[in-house]
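The values are calculated or read from the model by the stated rules, or taken from the named source; none is laboratory data. For clarity, every value in this text was computed on a predicted model and none was experimentally measured. Quick reminder, even Gly has a Cβ in these numbers, built from the backbone with ideal geometry, and neighbours come from all protein chains shown.
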Amino acid sequence: MQEEQPTPSRRPIMRLLEQLGRKGTLRILWELRDGLPQSFRALRVSTDDMSPSVMNDRLKELRAGGVVELVDAGYVLTESGGELVKRLTPLNHWANRWFEAPGPN
(Lines give C-alpha, C1' and ligand atoms only; values in the text may rest on other atoms or scores of the structure.)
Protein backbone atom coordinates (compact mmCIF):
# COMPACT_ATOMS: atom_id res chain seq x y z
CA MET A 1 0.00 0.00 0.00
CA GLN A 2 1.50 3.32 -1.05
CA GLU A 3 1.68 6.17 1.45
CA GLU A 4 -0.65 9.05 0.61
CA GLN A 5 1.22 12.30 -0.01
CA PRO A 6 -0.12 15.46 1.66
CA THR A 7 -1.39 18.23 -0.59
CA PRO A 8 1.48 20.68 -1.08
CA SER A 9 1.02 24.15 0.35
CA ARG A 10 0.70 27.15 -1.94
CA ARG A 11 3.00 29.17 0.29
CA PRO A 12 6.68 28.93 -0.73
CA ILE A 13 8.00 28.85 2.84
CA MET A 14 5.66 25.99 3.74
CA ARG A 15 6.67 24.06 0.61
CA LEU A 16 10.32 24.54 1.52
CA LEU A 17 9.78 23.41 5.11
CA GLU A 18 7.77 20.39 3.92
CA GLN A 19 10.65 19.40 1.64
CA LEU A 20 13.30 19.98 4.30
CA GLY A 21 11.25 17.89 6.73
CA ARG A 22 11.30 14.82 4.52
CA LYS A 23 13.41 11.99 5.86
CA GLY A 24 17.06 12.47 4.96
CA THR A 25 16.79 15.81 3.15
CA LEU A 26 18.51 17.98 5.77
CA ARG A 27 21.15 15.34 6.40
CA ILE A 28 22.09 15.24 2.71
CA LEU A 29 22.30 19.03 2.55
CA TRP A 30 24.38 19.13 5.71
CA GLU A 31 26.83 16.53 4.42
CA LEU A 32 27.29 18.49 1.17
CA ARG A 33 27.79 21.84 2.94
CA ASP A 34 31.59 21.91 2.55
CA GLY A 35 31.30 22.12 -1.24
CA LEU A 36 33.27 18.97 -2.00
CA PRO A 37 31.60 16.52 -4.41
CA GLN A 38 30.53 13.21 -2.91
CA SER A 39 29.71 10.04 -4.79
CA PHE A 40 26.45 8.27 -3.99
CA ARG A 41 28.40 5.68 -1.99
CA ALA A 42 30.41 8.27 -0.03
CA LEU A 43 27.25 10.24 0.69
CA ARG A 44 25.55 7.09 1.98
CA VAL A 45 28.45 6.46 4.35
CA SER A 46 28.45 10.07 5.59
CA THR A 47 24.69 9.84 6.23
CA ASP A 48 25.06 6.74 8.41
CA ASP A 49 24.12 4.34 5.59
CA MET A 50 20.82 5.94 4.70
CA SER A 51 18.60 3.60 2.74
CA PRO A 52 19.63 3.71 -0.95
CA SER A 53 16.02 4.13 -2.05
CA VAL A 54 15.41 7.04 0.35
CA MET A 55 18.69 8.68 -0.65
CA ASN A 56 17.94 8.26 -4.33
CA ASP A 57 14.46 9.78 -3.88
CA ARG A 58 15.81 12.75 -1.91
CA LEU A 59 18.62 13.40 -4.37
CA LYS A 60 16.12 13.36 -7.23
CA GLU A 61 13.92 15.86 -5.36
CA LEU A 62 16.86 18.10 -4.49
CA ARG A 63 18.11 18.00 -8.08
CA ALA A 64 14.63 18.80 -9.41
CA GLY A 65 14.49 21.73 -6.99
CA GLY A 66 17.82 23.08 -8.22
CA VAL A 67 19.50 22.64 -4.85
CA VAL A 68 21.85 19.74 -5.68
CA GLU A 69 23.51 18.78 -8.92
CA LEU A 70 25.40 15.75 -10.14
CA VAL A 71 28.83 16.55 -11.59
CA ASP A 72 31.54 14.17 -12.79
CA ALA A 73 33.00 13.86 -9.28
CA GLY A 74 29.65 13.34 -7.50
CA TYR A 75 26.86 15.33 -5.88
CA VAL A 76 27.37 18.97 -4.90
CA LEU A 77 25.22 21.87 -3.81
CA THR A 78 24.26 24.34 -6.50
CA GLU A 79 24.72 28.04 -5.84
CA SER A 80 21.12 28.09 -4.62
CA GLY A 81 21.77 25.06 -2.41
CA GLY A 82 24.83 26.74 -0.91
CA GLU A 83 22.73 29.81 -0.13
CA LEU A 84 20.08 27.62 1.53
CA VAL A 85 22.65 25.88 3.74
CA LYS A 86 24.21 29.26 4.59
CA ARG A 87 20.79 30.45 5.75
CA LEU A 88 20.25 27.28 7.80
CA THR A 89 23.53 27.74 9.70
CA PRO A 90 22.13 30.33 12.16
CA LEU A 91 19.24 27.97 12.83
CA ASN A 92 21.77 25.26 13.62
CA HIS A 93 23.52 27.60 16.09
CA TRP A 94 20.19 28.39 17.74
CA ALA A 95 19.32 24.68 17.95
CA ASN A 96 22.65 23.91 19.64
CA ARG A 97 22.01 26.59 22.28
CA TRP A 98 18.43 25.41 22.75
CA PHE A 99 19.51 21.78 23.11
CA GLU A 100 22.07 22.60 25.78
CA ALA A 101 19.79 24.95 27.75
CA PRO A 102 18.24 23.60 30.95
CA GLY A 103 14.61 22.65 30.74
CA PRO A 104 12.45 20.33 28.67
CA ASN A 105 13.73 20.14 25.06
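Taking the criterion of being of a type in the set (A, V, I, L, M) and either touching a helix residue (DSSP H, G or I) at 6+ places or on another chain (Cβ under 6 Å) or on the phi > 0 side of the Ramachandran plot (or both), the residues of the stretch 21-42 that qualify are 26, 28, 29. Here residue 100 does not qualify as at pLDDT 95 or above and either loosely packed, with under 15 Cβ neighbours inside 10 Å or within 12 Å of the chain's Cα centre (by Cα) (or both). Name the single residue that is surrounded by the fewest Cβ atoms within 10 Å (Cβ to Cβ) among those in the stretch 58-88 being under 20 Å from residue 15 (Cβ atoms) and among the β-branched types (Val, Ile, Thr). For the stretch 58-88, the residue satisfying everything is 78. On the stretch given as the stretch 27-43, residues that are outside any loop (DSSP other than H, G, I, E, B), closer than 17 Å to residue 90 by Cα and of a type in the set (D, E, K, R) total 2. Restricting the stretch 35-57 to residues that are closer than 26 Å to residue 13 by Cα and at pLDDT 95 or above, the residue that is surrounded by the fewest Cβ atoms within 10 Å (Cβ to Cβ) is 56. Taking the stretch 57-98 as the range and being in contact (Cβ under 8 Å) with a residue 12 or more places away in the chain, assigned to a helix (DSSP H, G or I) and in contact with a helix residue (DSSP H, G or I) (Cβ under 9 Å, 6 or more places away or on another chain) as the test, the residues that pass are 58, 59, 61, 62, 81, 84, 85, 88. The residue of the stretch 72-97 that is modelled with the highest pLDDT, among those that are farther than 12 Å from residue 35 by Cα and aliphatic (A, V, I, L, M), is 84.
When the stretch 60-78 is examined, which residues are found to be closer than 14 Å to residue 31 by Cα and touching a Pro at 6+ places or on another chain (Cβ under 6 Å)? The answer is 74, 76. Selection within the stretch 5-21: residues that are within 16 Å of residue 54 (Cα to Cα) and exposed (fewer than 10 other Cβ atoms within 10 Å of the Cβ). The member of this set that is modelled with the lowest pLDDT is 5.
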